[in-house]
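Presented below is the structure to which this report refers.
The values are calculated or read from the model by the stated rules, or taken from the named source; none is laboratory data. Computed from a predicted model, the values in this text were never measured in an experiment. Because the Cβ atoms are built from the backbone with ideal geometry, glycine has one as well, and the counts that use them run over all protein chains shown. The protein model used for the area step is the full one, side chains on, heavy atoms only, and it has no ligands, DNA or RNA in it. Shrake-Rupley method; radii C 1.70, N 1.55, O 1.52, S 1.80 Å.
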Amino acid sequence: MEDQSFLFCFIQAAANSTIDQTKLFATKVERVYQSMPESVATFKMVFPTNGFAGMVTKPFSERKRGIQAIQMDASMKSAQIPGVRAITIVPPSFPGAGAALPGHLDIARPESAGRLAAGAPDH
């Protein structure tokens, strides 16, 4: 999992929630993110029963914790907000279906195959 200095949160409220109730929950999640020392910017988008939020962190070189530690901390704090389910994730480096499906990567560089292979893991 690559540290891209970004977290994403899925917010799930009760099926009968109004948009105002869900907005309140999303604001509480956003406040959790804003309270973290690594936070630079936050955002949220809300619908009647769900929404999402995100946090951009300081660059890795300016932080004491990696993105996984920040994710765990944010998850624990968000889990204490009553009335909502907040699922904090670190987005994958490459978009797609995740680790369950194979992927394909094209490297468009004028490097030799030997030079590229030197940096590849042995599998």
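Things worth noting here:
- Residue match in the range 69-76 (condition: in a loop (DSSP other than H, G, I, E, B), within 16 Å of Pro91 (Cα to Cα) and open to solvent by less than 60 Å² (accessible area, probe 1.4 Å)): no
- Yes/no for Val56 being surrounded by fewer than 19 Cβ atoms within 10 Å (Cβ to Cβ) and either within 16 Å of the chain's Cα centre (by Cα) or small (Gly, Ala, Ser) (or both): yes
- Just one of the listed residues (Gln34, Gln12, Gln21) is within 14 Å of Asp73 (Cα to Cα) and not in a loop (DSSP other than H, G, I, E, B), namely Gln34.
Quick grid of which residues meet (1) touching a residue at least 24 places away in the same chain (Cβ under 8 Å); (2) more than 24 Å from Ala13 (Cα to Cα); (3) open to solvent by less than 20 Å² (accessible area, probe 1.4 Å); (4) of a type in the set (Phe, Trp, Tyr):
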{"residue": "Thr42", "(1), (2), (3), (4)": "no, no, no, no"}
{"residue": "Val46", "(1), (2), (3), (4)": "yes, no, no, no"}
{"residue": "Ser61", "(1), (2), (3), (4)": "no, yes, no, no"}
{"residue": "Ala79", "(1), (2), (3), (4)": "no, no, no, no"}
{"residue": "Gly83", "(1), (2), (3), (4)": "yes, no, no, no"}
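- Exclusive hit being at pLDDT 90 or above and touching a Leu at 6+ places or on another chain (Cβ under 8 Å), set Ile87, Ile70, Ile81: Ile70
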